[in-house]
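**Q** Structure in structure tokens, see below.
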Amino acid sequence: MKVTGIETFAVKMKERRIRNLGIVAHVDAGKTTVTEQMLYLSGATRAAGNVDKGTSLSDALEVEKKRGISVRASALSFAWKGVQVNLIDTPGHVDFSAEVERSLRVLDCAVLVLSAVEGVQAQSEPLWDALEALGIPVIVFVNKIDRMGSDVAGVVAEVQRVFSKDAVLVNGVVEEGFDAAGLAALEAEQYGELVEKVAERDDGLLERYLEGGTLEPEEIEHALAAATGARGLFPVLCGAAKNRVGIEELLDAIAAYFPDAGTDAQAPVSGVVFRIDHDERLGRVAGVRMYAGRLATRDVVENYTAGREEKVAQIKRSATAKLEDVGVLEAGDIGFLCGLPAARIGDVLGDPAPVPGDYALSEPLLSVQVVPAEEADHAALAKALQQLASEDPHLNFRWYAEERELHVKIMGAIQTEILTEILRTRFGIAARFGEPTVVYKETPAGEGYGEESYTMPKPCWAIVKYRLEPLPRGSGVEYHSEVSVDQIKLKYQREIEASIGEALKQGIKGWEVTDLKITLVDGSDHVLHSRPGNFKLATNIALMQGQVATDTKLLEPMIGYRIAGPEEIVGKVTADIIEMRGIFEPAQMGAGSFVLEGRFPLATSMDYAIRLSAMSGGKAKLALRFAGYEECPEGLGIEREYRGISPLDRSKYILLMRGAITPSVSG
Ligand code: GDP
């Protein structure tokens, strides 16, 4: 066994072969143990910690986190055979794919750990779906082959059935189910399957294979790597992390099969802030993934999203033993930047072109009220939440001063635990979260018009008329203008366009308005009287009035589910789903078991995982994913009062916008 010392780390990194890797798993499959062993074998830690004794590095990092030092755990770097692996922290619990997605965006490759005994579990499925949606190559690691009941062949078949038929076993097992379990060459039949699958994905090899020629092991490895990088194949390796079996092979596979993240370091700088940590010693630290170019300490970089320049004070990398200064960060790499006091998650630094996807992360589906344990902490809590929301815009913090209510949006119940902890440790505030409520949306029920002539009291002038039309589910908002720039000057047309998003935040039923087309059909400005802000005000009023004209329908978030369980409960499960207003495809029945797929509303299914587990005695498996918004049946959703002063309360609203009365909403 070759151990690479941490001293050689810097030297190795010069070669710039990088893997931004995530390890994902259902709780207890062995993610922590696999990580510990990889760090130990790479030489990044001197002794392999033990999760059962509480001596793992993750345990140590957990303690640090509690003390307000959180950066180190979010991306650990180590070297393996000349490859720099940045191990990125991914959530252990998955409520909905949205939460996973935000941390998975930054990965180039992932290892999915499964237990050889339990196989595919509830949380493995949304993880797999998210990796698929983001096009991230995956290696599957089947852990715990030493445990009684280990069934690698069964798990591989399950992976092929549930995830992808392109999963292929690349190493065999001996003494399966015993403490002495180890790796071995594949059996002839298994090897045949591997060769066939690899050949099918490489024209040159396929021709030779079909003609009965032999393929060299190196050729197979090479083609397997190409196919893995393209998500054409998913290598399945196995092992027993606890006994350090299969870990070296896993590291080799990570280095050999996954594509290199390094891209063009000569190109202009391009990076994305993928997380914000607040470190006790360093202050605000931005985790940045570089897509192109090269950043050095003291460089001034454009924050493209925020439209301002930022100066990089320090660049750090977490090399398990300590946080080290690296001075530069190049294309493909991940590092932590200090000195960007206002950076937010999702900010693009430099050139946006090389950044894949739009980083429009999925939205939180639940809204929850936060209440301080001590009423005297109300203002401090509001400030703390404002701070957290500035780091993570998805919290969508709203402070309703008149009602003395603080609200945030969350992805799932787990997040409230995390937030409670952060508020306690970082801000010293004890806070409680209320019952989460579903975040509804609304959409026009038909076509209609809304208009506003804001011409008094002078100086002001903005006349607008909009047509509102419903669009199909999932379309979002479209805006068009049929009005010439002679009627309304370009700068005011821009103001209108920029104000529409905010204007649709609260509709006439109190929720965000979506799936509609807005067309500016008429209007005018005034050479003397029009002022910046006038068209924003008029637009807010006109769009609200437009909604009164069209009336709106509530939309509710739907959750796609997949339930697998013993045959005898299928009747009970289908009855429950009907009760929850859910729908399902015909059940697939197999040897004593069933699989049922469909959709149900989030509102009726929030505690379904617990209910299903109780009903099935823990034998049923449930996988959930966000499945979009659908129309909520009449009378079932929740309508809210407008928070703050509604644009429909026209004169009061105009006073508010003119600064004559104080706002009651901030956030
Ligand atoms: P995580 O929740 O996915 O991070 O899983 P952990 O690494 O904490 O492991 C969960 C439990 O499984 C612990 O008790 C580990 O000791 C145990 N475990 C991990 N790997 C193996 C293995 O290869 N064989 C056996 N028998 N147990 C293992």
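**Q** Anything in segment 617-643 that is surrounded by 19 or more Cβ atoms within 10 Å (Cβ to Cβ) and either at pLDDT 85 or above or in contact with a Cys (Cβ under 8 Å, 6 or more places away or on another chain) (or both)? List them, or say none.
**A** 629, 632, 637
**Q** Working carefully through the options 230, 199, find the one that is under 37 Å from the mean Cα position of the chain (by Cα) and in contact (Cβ under 8 Å) with a residue 60 or more places away in the chain. First the steps, then the outcome.
**A** On the way: 199 fails: in contact (Cβ under 8 Å) with a residue 60 or more places away in the chain.
That would be 230, the only listed residue that is under 37 Å from the mean Cα position of the chain (by Cα) and in contact (Cβ under 8 Å) with a residue 60 or more places away in the chain.
**Q** Looking only at residues that are in a helix (DSSP H, G or I) and more than 22 Å from the chain's Cα centre (by Cα) in segment 591-608, which one is surrounded by the most Cβ atoms within 10 Å (Cβ to Cβ)? So that I can check it myself, show each step before the final result.
**A** Our first condition is that a residue be in a helix (DSSP H, G or I); within segment 591-608, this holds for 602-605, 608.
Checking which are more than 22 Å from the chain's Cα centre (by Cα) leaves us with 604, 608.
Details: 604: 18, 608: 21.
Among them, the one singled out is 608.
**Q** Still on this model: Do any residues in segment 19-33 that are in contact (Cβ under 8 Å) with a residue 24 or more places away in the chain have Cβ atoms under 6 Å from those of residues that are acidic (Asp, Glu) and more than 9 Å from the ligand (Cβ to nearest atom), where the two are at least six apart or on different chains, and which pairs are they?
**A** Hits for this filter: 20/108.
**Q** So residue 576 ticks every box in (1) part of a loop (DSSP other than H, G, I, E, B); (2) in contact with a helix residue (DSSP H, G or I) (Cβ under 9 Å, 6 or more places away or on another chain) but one. Which box is left unticked?
**A** (1)
**Q** Oh, and also: Quick check: is even one residue across segment 330-337 in a loop (DSSP other than H, G, I, E, B) and surrounded by fewer than 16 Cβ atoms within 10 Å (Cβ to Cβ)? Reasoning before the result, please.
**A** Keep residues of segment 330-337 that are in a loop (DSSP other than H, G, I, E, B), which gives 331-333.
When the remaining residues are screened for being surrounded by fewer than 16 Cβ atoms within 10 Å (Cβ to Cβ), the result is none.
For segment 330-337, residues in a loop (DSSP other than H, G, I, E, B) and surrounded by fewer than 16 Cβ atoms within 10 Å (Cβ to Cβ): absent.
**Q** Return only the number of the condition from (1) of a type in the set (Val, Ile, Thr); (2) farther than 24 Å from residue 26 by Cα; (3) touching a residue at least 12 places away in the same chain (Cβ under 8 Å) that residue 573 does not satisfy.
**A** Every condition holds for residue 573 apart from (2).
Residue-wise test of (1) in a loop (DSSP other than H, G, I, E, B); (2) under 16 Å from residue 228 (Cα atoms); (3) more than 12 Å from the ligand (Cβ to nearest atom).
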site: 129; (1), (2), (3): no, no, yes
site: 132; (1), (2), (3): no, yes, yes
site: 135; (1), (2), (3): yes, yes, yes
site: 140; (1), (2), (3): no, yes, yes
site: 145; (1), (2), (3): yes, no, no
site: 148; (1), (2), (3): yes, no, no
site: 156; (1), (2), (3): no, no, yes
site: 159; (1), (2), (3): no, yes, yes
site: 164; (1), (2), (3): yes, yes, yes
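**Q** Quick test for you: out of 635, 644, 659, pick the one residue that is part of a loop (DSSP other than H, G, I, E, B), closer than 30 Å to residue 536 by Cα and free of Cβ contacts under 8 Å to residues at least 24 places away in the same chain.
**A** Among 635, 644, 659, only 659 is part of a loop (DSSP other than H, G, I, E, B), closer than 30 Å to residue 536 by Cα and free of Cβ contacts under 8 Å to residues at least 24 places away in the same chain.
**Q** To continue, here is another question. Of the numbered conditions (1) within 26 Å of the chain's Cα centre (by Cα); (2) within 16 Å of the ligand (Cβ to nearest atom), residue 259 satisfies every one except a single condition; which is it?
**A** (2)
**Q** Within segment 338-386, track down each residue that is at pLDDT below 90 and buried (at least 22 other Cβ atoms within 10 Å of the Cβ).
**A** Across segment 338-386, the qualifying residues are 340, 343, 347, 364, 365, 366.
**Q** Okay, next question. If only one of 233, 224, 237 is within 16 Å of the ligand (Cβ to nearest atom) and buried (at least 18 other Cβ atoms within 10 Å of the Cβ), which one is it?
**A** Every option except 237 fails the conditions.
**Q** Which residue is nearest to the ligand (Cβ to nearest atom), if the candidates are limited to segment 10-23 and must be of a type in the set (A, V, I, L, M) and at pLDDT 90 or above? I'd like the intermediate steps shown before the answer.
**A** Of all residues in segment 10-23, those of a type in the set (A, V, I, L, M) come to 10-11, 13, 18, 21, 23.
Checking which are at pLDDT 90 or above leaves us with 18, 21, 23.
On the way: 18: 24, 21: 15, 23: 9 Å.
Ranking the candidates gives 23 first.
**Q** Here is a check on your reading of the model: is residue 199 part of a loop (DSSP other than H, G, I, E, B) and either crowded, with 18+ Cβ neighbours inside 10 Å or small (Gly, Ala, Ser) (or both)?
**A** On the way: part of a loop (DSSP other than H, G, I, E, B): no; either crowded, with 18+ Cβ neighbours inside 10 Å or small (Gly, Ala, Ser) (or both): yes.
In short, no.
**Q** Okay, next question. Among the candidates 306, 255, single out the residue that is of a type in the set (Gly, Ala, Ser) and either more than 22 Å from residue 390 (Cα to Cα) or in a strand (DSSP E or B) (or both).
**A** After ruling out the rest, the residue left standing is 255.
The values are calculated or read from the model by the stated rules, or taken from the named source; none is laboratory data. Predicted model only: the values in this text are computed from it and were never measured. Virtual Cβ from ideal backbone geometry, glycine too; neighbours counted across all protein chains shown.
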